[in-house]
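Colleague: If you scroll down you'll find the structure; I have some questions about it.
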Amino acid sequence: MLLQLPAVGVLLFWMVVPLGLAVYFSLVRYSLLNPDLRGFAGFENYQYLWEDPSFLPAVINTIVLVGSVLAVTVGGGTAMAVLFERRFPGRNVAVLLAIAPFFVMPTVSALVWKNMILHPVYGVAARALSLVGLAPIDWLGGCPMLSLIMIVSWEWLPFAFLVLYTSLKSLDPEQREAARIDGAGGAQVFLHVILPHLRRAIGVVVLVETIFLLSIFAEIYTTTSGGPGHSTTNLAFLVYSLGLLQFDVGIGSAGGILAVILANIVAFFLVRMLATSLKQGA
Amino acid sequence: MTRRRIRTWLIGGIAWFVAAILFGPIFWMTLTAFKTEGDAYELALFFSPTLQSFRDVFARSHYGGFALNSLLISVGSTALCLVLALPAAYRMAFFPTSRTQPTLVWMLSTKMMPAVGVLLPVYLLFRSAGLLDTVSGLILINTLLNLPIAVWMAYAYFCEIPRAILEAARVDGAGVFHEIRHVLAPVALPGLSSTALLLIVLAWNEAFWSLNLTSAKAAPLTVFIASYSSPEGLFWAKLSAASLLAVAPIMILGWLTQRQLVTGLTFGAVK
């Protein structure tokens with residue numbers, strides 16, 4: 001017990017103290033600008049947050065961002081895993097290139113995309129569009145959420161691909177052979193052999209990505225700062241601007257608690273599945 | 001046979017195309033880093049390479065200082081993580097009790113908390129403890145973020161070591177220290193060193209807490225690059241040079257940890 005005590009203790013502290021403080025802050029009046037304003041607020045902060053015109057868009061933006069990126073990365077990652085699982089010349093190098101974006105720090109990804117790819121005049125995307133005779137698009141100004149989804153998907157597609165690819169390699173080839181001999185076509189093999197095998201890996205990808213995507217911040221901070229208007233403000237950016245730009249800790253904490261609740265709804269469904277499969281694995 | 005060959009080449013072609021698209025922005029950034037600011041706006045693949053942008057980056061900023069912060073934070077947090085994780089993983093792998101599995105799952109669940117939920121309390125705790133904008137503060141945060149991953153990975157590696165080896169050593173009268181030093185370490189070291197590499201990669205690229213908890217003194221490279229968001233972002237060659245320096249070393253480490261990355265980030269659910 002003594003050997004695990006430091007690790008357990010540190011994590012227990014990390015889990016209990018900040019979260020407990022966040023719950024407490026969300027229930028009191030606490031503004032860094034106005035220290036005289038104190039006292040128990042009940043659910044006032046939550047009510048204020050609810051009435052804030054940026055709140056509902058932030059919740060919707062969070063769900064749209066997380067949902068879209070999950071769809072792109074899981075769909076794309078599965079397709080890529082199936083594709084790369086075939087043998088072809090230089091496969092290992094191609095895998096290294098394909099997973100490279102995952103190792104790029106978020107601020108670099110965001111700025112390279114913002115300036116060099118999505119720039120409305122000189123960006124690679126604008127040049128490519130004009131090559132095929134289409135009008136250039138003001139990506140971050142005109143469709144900021146779509147641009148953000150593209151950037152974040154680019155960062156996370158390699159992760160989904162790598163996990164699903166690794167999982168697919170552990171599929172027993174005989175199983176697939178057997179399905180083929182039974183007369184199953186490519187689509188049927190995919191639906192009845194490959195997809196069931198990948199189920200656990202897909203669950204893990206969804207869970208891990210959701211946790212990280214709920215806190216997407218650096219990409220927004222360096223590209224749109226939540227704008228134009230509130231069009232790319234997600235819960236993470238809203239909490240940051242309420243707490244650290246407007247210095248209202250109470251309302252900001254209420255927003256943080258809502259993000260925690262959102263994460264737990266997702267985790268509730270996935271952790272159980274994950275926990276049982278972890279026990280089987282260990 | 002020929003149809004099969006065509007299929008292989010077709011699949012290879014598509015796969016390489018996908019890989020090239022994904023790597024495209026990094027490739028483009030690398031090229032641009034060696035261009036002049038004037039050439040940077042051209043799509044040309046051929047140009048006369050120059051190191052001017054790198055010189056500018058070093059001349060106009062304390063690049064070395066930011067890089068040093070990144071290095072201290074990632075190496076420091078990794079070391080601290082291992083110091084905390086290894087004894088725990090050792091205990092849980094070799095002397096499991098009925099509480100071991102629940103403890104491991106609980107550790108995993110601490111990763112389920114989105115960072116934004118505790119941003120303000122942590123910010124205020126850091127402020128009152130004088131940890132804002134300090135390297136030790138970020139070492140602490142990264143240690144907490146990566147500790148569950150470290151425990152899980154070390155646990156997974158220890159579990160792969162046959163119990164019989166340890167028992168044989170014990171029967172031969174080896175003490176605990178001797179056992180760890182001469183039996184456990186040689187077997188577990190490759191796995192543990194890739195664990196360490198993965199932790200370094202994760203801490204190096206951490207941006208959420210770094211942006212919120214540091215400003216100038218302790219800012220790592222993630223924060224330094226963010227300062228290019230305007231208006232220096234318009235200087236593509238300099239942006240690219242600074243970015244390339246920040247990304248390249250860690251990408252090589254990342255490639256080396258490819259397999260451990262999957263095990264570590266999926267908590268052993270996918271191997």
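Computed from the coordinates by the stated procedures, all read-outs in this text should not be read as laboratory data. The structure displayed is predicted, hence computed values, not measured ones. Methodologically, a virtual Cβ is constructed for each residue, glycine included, from the backbone with ideal geometry; neighbour enumeration extends over all protein chains shown.
Colleague: Just tell me, in residue order, which DSSP H segments of chain A are both 30 angstrom or longer along the helix axis (alpha-carbon based) and at least -0.5 in mean Kyte-Doolittle hydropathy.
Modeller: Answer set is A:5-26, A:55-85, A:144-169, A:249-281.
Colleague: Something else: Tell me the relative contact order for region A:40-281 as a rounded percent, counting alpha carbon contacts under 8 Å between residues six or more apart.
Modeller: Across region A:40-281, relative contact order equals 29 percent.
Colleague: Moving on to the next point. For the pair B:T97/A:R199, report the inter-label distance in nm, with labels modelled 7 Å from Cα in the Cβ direction.
Modeller: Modelled inter-label distance: 3.6 nm.
Colleague: At q = 0.05, 0.10, 0.11, 0.12 Å⁻¹, what base-10 log of I(q)/I(0) does the Debye formula yield for the protein assembly as shown when every alpha carbon is treated as an equal point scatterer in vacuo?
Modeller: Debye intensities relative to I(0), on a log10 scale: -0.22, -0.89, -1.07, -1.26.
Colleague: Treating only the Cβ of Lys, Arg, Asp and Glu as charged (+1, +1, -1, -1), what charge dipole size does region A:40-281 show about its Cα centre? Round to the nearest 20 debye.
Modeller: Dipole magnitude for region A:40-281 comes out near 840 debye.
Colleague: Taking 0.36 nm per residue of sequence separation and subtracting the Cα-Cα distance, how much length would be gained by fully extending the chain between A:F247 and A:L2, in nm to one decimal?
Modeller: Using 0.36 nm per residue and subtracting the Cα-Cα distance, I get 84.0 nm.
Colleague: At a 10 angstrom cut-off on C-beta neighbours, averaged per residue, how do the peptides B:71-83, A:151-163 rank from highest to lowest?
Modeller: Descending mean neighbour count gives A:151-163, B:71-83.
Colleague: Fully extended, how many nm does the chain gain between B:L234 and B:V75 (0.36 nm per residue separation, minus their Cα-Cα distance)?
Modeller: Once the chain is fully extended between B:L234 and B:V75, it gains 54.0 nm.
Colleague: Output the peptides A:84-95, B:140-151 sorted from most to least packed, where packing is the average of other Cβ atoms within 10 Å over each peptide's residues.
Modeller: Ranking the peptides A:84-95, B:140-151 by packing returns B:140-151, A:84-95.
Colleague: Another question, then. Between B:A248 and B:R60, what's the calculated FRET efficiency when r is the beta-carbon distance and R0 is 22 Å? Round to 0.05.
Modeller: The computed FRET efficiency comes out at 0.65.
Colleague: Could you tell me how far the Cα centroid of region B:105-150 sits from the Cα centroid of region A:197-260, in Å?
Modeller: If you average the Cα positions of each part, the centres end up 16 Å apart.
Colleague: Which net charge results when you count Lys and Arg as +1 and Asp and Glu as -1 among the other residues whose beta-carbon is under 12 Å from that of A:L162?
Modeller: Net of charged neighbours comes to +2.
Colleague: Which whole number gives the average count of other chain Cβ atoms within 10 Å of the Cβ atoms across peptide B:32-40?
Modeller: So the per-residue partner count for this stretch is 1.
Colleague: Assuming a ≥ b ≥ c are the square roots of the Cα gyration tensor eigenvalues, decide whether region A:40-281 counts as rounded (a/c under 1.5), prolate (otherwise, with a/b larger than b/c) or oblate.
Modeller: Taking the square roots of the gyration eigenvalues as a ≥ b ≥ c, region A:40-281 is oblate.
Colleague: Let me ask something else. Report D for region B:10-120 in µm² per second (integer): Stokes-Einstein, Kirkwood Rh on Cα pairs, 4 °C, 1.567 mPa s.
Modeller: In µm²/s, the coefficient is 66.
Colleague: If you don't mind, another one. If you take the beta carbon distance between A:R87 and A:I181 as r and set R0 to 22 Å, what does 1/(1 + (r/R0)^6) give as a FRET efficiency, to the nearest 0.05?
Modeller: Given R0 = 22 Å and the Cβ-Cβ separation, E is 0.60.
Colleague: Turning to a different aspect of this structure: Relative contact order of chain B: what whole-number percent is it, with Cα pairs under 8 angstrom and at least 6 residues apart?
Modeller: Computed over chain B, the figure is 31 percent.
Colleague: Testing the spin-label approximation: label points 7 Å from Cα along Cα→Cβ at A:V23 and A:E51. State their distance in nm.
Modeller: 2.7
Colleague: Gap in Å between the Cα centre of region B:173-189 and the Cα centre of region B:247-271?
Modeller: 27
Colleague: Take the Cβ-Cβ distance between A:D138 and B:V171 as r, set R0 to 60 Å, and report the resulting FRET efficiency rounded to the nearest 0.05.
Modeller: 0.25
Colleague: So what is Rg over Rh here for chain B, counting just Cα atoms and using Kirkwood for Rh?
Modeller: That ratio is 1.06, to two decimals.
Colleague: For A:V28, enumerate residues with amide H under 5 Å from its amide H, sequence gap 5+ or separate chain, H modeled in the peptide plane.
Modeller: Here the answer is A:A41, since their amide H atoms fall under 5 Å of that of A:V28.
Colleague: Based on the mean of other Cβ atoms within 10 Å per residue, sort peptides B:157-166, A:25-34 so the most packed one is first.
Modeller: Listed from highest to lowest mean packing, they are A:25-34, B:157-166.
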